[in-house]
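Data first, discussion second: the structure below is written as structure tokens.
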Amino acid sequence: MNRGPTTAYGRLGDISWSTYGSHGQDATPVLLLHSVTDSSEVFAPLLDPLAADRLVVTLDARGHGNTPLSPAPFTVGALASDVIAVLREVVRRPVVVVGHGLGALIAEEVALSEPSLLVALVLEDPAWRVEATTPDGVPAFLPSYLESFAGADEAALLERARAEHPTWPEDELLPWVHAKQRVDQKLAARAQKWYGRDWVGALGSIRVPVTVLAGEPRLGSLVEPEDLARAESLLGAQLTCVQVPGAGRSVRREARETYLTVLRSVLSAADAVAQD
């Protein structure tokens, strides 16, 4: 009897990972990478739609969810090395890598350093823009943002989520709350390095199809029109840009059906290539 997708959890060193679906499915697996102060739990609303016919993989970045904060600097390169280890040891097949915000930078780094591990790249409102930083490279917004969650209980954070994100579906709220409760407050005290590369320029070295899902800058999207124009000049037909009206920094939460339609198109194309 088919019981549907099943979940597995594990650790690779300190890195907490999970899979949903079956390793035996032929379709291309998809790896979902969360942004800063989120966790793998924020992808819960996507698991059933995506895992009906493929393996879905998530992991918690250092200091997020179930992964402890390392004493080492919090860098995109280090976070990408964690992802690469999980892909090699747990998934063991090329995947479609999907990243949001900081997770999109990590996804790019994986594509640049270990291109054989992926067949396509999907960047949801990537954090391409250089934020103001402290002398230790910590984005200027992060310390006060982290502090605003310190000690808050679930009810208070849920009320805040509804007030700050009135257009989000109800099933997005508790995962956001839980991620904020579990992010390590010491993260802002770690030296960080998000912008060791020109991330838009680095797209020119990526050899797999790239899809960018972006909201509107006036609503908080980090992707500016000149970024997309430059990306298109570097990648040409290899790039698909989807600008979503009415969305800000979180396209999947503010336009889920559009997000899933785009992602399914990417996955179908990856499946077709794998069958050739």
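The values are calculated or read from the model by the stated rules, or taken from the named source; none is laboratory data. Keep in mind it's a predicted model, so treat the numbers as computed, not measured. When we count neighbours, we look across all protein chains shown, and the Cβ atoms used for this are built from the backbone with ideal geometry, even at glycine. Note: accessible area is taken over every heavy atom of the protein model, side chains too, but ligands, DNA and RNA are not part of it. Shrake-Rupley method; radii C 1.70, N 1.55, O 1.52, S 1.80 Å.
Summary table below
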| item | result |
| --- | --- |
| Residue selected from the range 156-183 under the condition farther than 21 Å from A255 by Cα and free of Cβ contacts under 8 Å to residues at least 40 places away in the same chain, by the criterion most open to solvent (accessible area, probe 1.4 Å) | E159 |
| Test: residue in the range 77-86 that is out of contact with any strand residue (DSSP E or B) (no Cβ under 6 Å at 6 or more places or on another chain), assigned to a loop (DSSP other than H, G, I, E, B) and closer than 18 Å to G10 by Cβ | no |
| Residue tally, condition polar (S, T, N, Q) and either assigned to a helix (DSSP H, G or I) or in contact with a strand residue (DSSP E or B) (Cβ under 6 Å, 6 or more places away or on another chain) (or both), over the range 149-181 | 1 |
| Single residue of W194, W168 found to be farther than 17 Å from G101 by Cα, in contact with an Asp or Glu (Cβ under 8 Å, 6 or more places away or on another chain) and not β-branched (V, I, T) | W168 |
| Tally, over the range 184-222, of residues that are more than 29 Å from T67 (Cα to Cα) and open to solvent by 30 Å² or more (accessible area, probe 1.4 Å) | 7 |
| Residue ID - surrounded by the most Cβ atoms within 10 Å (Cβ to Cβ), chosen from residues in the range 228-276 that are aliphatic (A, V, I, L, M) and farther than 26 Å from P94 by Cα | A247 |
| Among the candidates S113, S81, residue that is surrounded by fewer than 24 Cβ atoms within 10 Å (Cβ to Cβ), in contact with a helix residue (DSSP H, G or I) (Cβ under 8 Å, 6 or more places away or on another chain) and of a type in the set (S, T, Y) | S113 |
| Only one of H34, H64 that is in contact with a strand residue (DSSP E or B) (Cβ under 8 Å, 6 or more places away or on another chain) and in contact (Cβ under 8 Å) with a residue 60 or more places away in the chain | H34 |
| Answer residue from the range 134-148, given it is assigned to a helix (DSSP H, G or I) and free of Cβ contacts under 8 Å to residues at least 60 places away in the same chain and is surrounded by the fewest Cβ atoms within 10 Å (Cβ to Cβ) among those | S144 |
| Some residue of the range 99-114 being over 16 Å from V76 (Cα atoms) and either part of a strand (DSSP E or B) or under 18 Å from the mean Cα position of the chain (by Cα) (or both) | no |
| Residue in the range 6-22 that is of a type in the set (V, I, T), open to solvent by 50 Å² or more (accessible area, probe 1.4 Å) and in contact (Cβ under 8 Å) with a residue 12 or more places away in the chain present | yes |
| Residue count for the range 10-30, restricted to those that are in a loop (DSSP other than H, G, I, E, B) and under 20 Å from the mean Cα position of the chain (by Cα) | 3 |
| Any pair with Cβ under 6 angstrom, 6 or more apart, that starts in the range 192-213 at a residue that is within 21 Å of A61 (Cβ to Cβ) and ends at one that is hydroxyl-bearing (S, T, Y) and open to solvent by less than 50 Å² (accessible area, probe 1.4 Å) | K193/T75 |
| Count of the range 26-44 residues which are among the acidic types (D, E) and closer than 19 Å to P68 by Cα | 2 |
